[in-house]
Amino acid sequence: MNYKQALKNPIFKIISKSAKELQLDAYVIGGFVRDYILQRGTAKDIDIVAIGSGIELAKQVAKNLPNNPKVQVFKTYGTAMLRFEDIEIEFVGARKESYNEDSRNPIVENGTLEDDQNRRDFTINALALDLSEDNYGNILDPFNGIQDLKEAIIRTPLNPDITYSDDPLRMMRAIRFATQLNFKIEEESLKSISKNKERIKIITNERIVVELNKILESSKPSIGFLLLEETGLLEYILPELTALKGIDEVEGQKHKDNFYHTLEVVDNISKNTDNLWLRWAALLHDIGKAPTKKFHKKIGWTFHGHEFKGSKMVYHLFKRLKMPLNDKMKFVQKMVYMSSRPIVLAEDMATDSAVRRLVFDAGDYVEDLMTLCEADITTKNPKKFKKYHNNFKIVRNKIIEVEERDHIRNFQPPVSGEIIMETFNLKPCREIGTIKEAIKEAILEGDIPNDFEAAYQLMLKEGEKLGLKVKK
Ligand code: CTP
């Protein structure tokens, strides 16, 4: 089979010519070939394997390009990278690798194309396209990767125990590809992941998070989280989630399985947003439920304060996984903390003041919060399902209405502290805060409009109550 069509980009002819000048063979390998066959759009990365020095080939290619781009050399890995238009091209010499037990870093020797294909993670990632003049576009598929692409199977080229043990990150990659492509992991491979799960410990958190993010960014993330759970990897990576598993029953009263519920919420939200951090919020919105779960004879199961507990746990989880402790994390915390607020509104008719309070507390995140809470509706009772969704529509409309009228978002007090001090001739003191709070409360309650005149009048009244004298 010939795949010249895949090599239409002029860069491939230049690589081919450069390889010929150096008298070595070169191949396109990995994700580019896989994604071409799957018609997954045009790739942003191309991996080139040279039978010889990848670094020399990269330098030769740069020489042959009109703009002589910079070649970035990674000596320790024996690889080099250059950019052509918006594509990153990585060059590596074909290698044979062997690993020892407790390190991801292999002992590397030069090898043939076959050695190089053997050391790759999956049959679908080991496909190579020949760039030599005579065999331009020929495909080299020693492990029937094309067949596996057709049958939607993730399979390792070698015995999976060797492939996964060599580089345990591949266990995560298998699950990530299964999620992104909606493929099945072949049975022996799946067993091997369970068997080798403990070796995930030698992988850095940063690399694990890259895979978790890719799973979360897929159209149906639950595929990945179910596989992580089934193989036992999840326990090592996100024990907060496995702790949500199971249904307890006391005196005939049960609560829902919050793990499967969470996965439904994540799948739901993925239909409505591509925001990775909002998807993280969906994944973590109930983690506080495991440590706060209690059974009361009269009221049944409760999870009091789980939103607060959960938001604290988000910080520890991000820290442990070496995820950014910045405003993305704060956003996730805020979503988790507020995740039960709108549903309370949706159960009944929401009052204007309740909506104003929601907008006040959620600020610019109010729409994201609504998206999260709509995804949280997983009831199997069609009547309730309809009612909640309808009520959320009403809440959304009220948010717009209240916004237009009252400008609560990013609330600025209509009467400033300076004006209060000036009016009553005060130095900084507690009374100023008391007056400001009374004005804010009156606006949120709808007792006064959010404008200067009304707030000023209320300030005078509150001042009088506090025994303050207006400056003459
Ligand atoms: N590879 C591997 N084992 C790894 C990582 C990568 O064998 N742990 C090989 C695979 O052949 C893979 C290639 O290196 O196709 C390139 O890796 P990478 O760029 O990470 O993945 P892609 O397959 O290109 O896919 P994606 O861009 O979706 O991550």
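The values are calculated or read from the model by the stated rules, or taken from the named source; none is laboratory data. Everything numeric here is computed off the predicted structure, so don't read it as measured data. When we count neighbours, we look across all protein chains shown, and the Cβ atoms used for this are built from the backbone with ideal geometry, even at glycine. Surface areas here come from the heavy atoms of the whole protein model, side chains and all, with no ligands, DNA or RNA. Shrake-Rupley method; radii C 1.70, N 1.55, O 1.52, S 1.80 Å.
Just a few scattered comments:
- Computed over the chain, the per-residue total of -39500 (n - 2.57) for DSSP H runs of n ≥ 4 gives a 222 nm mean residue ellipticity of -15500 deg cm²/dmol, rounded to 500.
- Sites matching GluC sites (Glu not before Pro) across the stretch 117-201 that sit in DSSP coil, with at most 16 neighbouring C-beta atoms within 10 Å: GLU133
- Of LYS201/LYS319; LYS256/LYS293; LYS44/LYS201, those spanning more than 19 Å from alpha-carbon to alpha-carbon: LYS44/LYS201
- Probe 1.4 Å, all protein chains present, accessible-area order of HIS306, HIS316, HIS296, largest first: HIS316, HIS296, HIS306
- The stretch 292-333 and the stretch 8-72 have Cα centres spaced 47 Å apart.
- Between GLU422 and ILE400, the FRET efficiency estimated from the beta carbon spacing at R0 = 35 angstrom works out to 0.45.
- Each peptide in 355-368, 412-425 gets a packing score, the mean of other Cβ atoms within 10 Å over its residues, and the list from highest to lowest is 355-368, 412-425.
- Per residue, the chain exposes an accessible area of 51 Å² to a 1.4 Å probe, with every protein chain left in place.
- R0 of 60 Å, Cβ-Cβ distance GLU437-ARG83: FRET efficiency to nearest 0.05: 0.60
- Out of every Cα-Cα pair that the chain contains, those further apart than 29 angstrom amount to 62 percent.
- TYR236 accessible area, assembled protein chains, probe 1.4 Å, Å²: 90
- Across the alpha-carbon set of the stretch 152-237, the Rg to Rh ratio works out to 0.92, Rh being the Kirkwood radius.
- Under 20 Å from LYS469, Cα to Cα: lysines that are on another chain or at least 8 residues apart: LYS427, LYS436, LYS461
- Counting only DSSP beta bridges with both residues in the stretch 35-155, the antiparallel share comes to about 70 percent.
- Efficiency of FRET between ILE247 and GLU114 - r from beta-carbon atoms, R0 51 angstrom, step 0.05: 0.50
- Taking every Cα-Cα distance in the stretch 4-149 and sorting them into 5 Å bins from zero, the calculated P(r) comes out as 2, 10, 20, 23, 22, 14, 7, 2, 0, 0 percent.
- Label sites at VAL470 and LEU325, each approximated as a point 7 angstrom past Cα along Cα to Cβ, lie 5.1 nm apart.
- Accessible surface of the chain, 1.4 Å probe, proportion on carbon and sulfur as whole %: 50
- Each Lys and Arg contributes +1 and each Asp and Glu -1, all at the Cβ; summed about the Cα centre of the chain, the dipole is approximately 1080 debye.
- With the alpha-carbon atoms of the stretch 251-327 aligned to their principal axes, the span from lowest to highest coordinate is 43, 28, 16 Å, starting with the largest.
- Separation of the stretch 162-180 from the stretch 204-266 is 18 Å, based on Cα centroids.
- For the stretch 417-465, the spread of Cα positions along the three principal axes, ordered from largest to smallest, is 30, 18, 18 Å.
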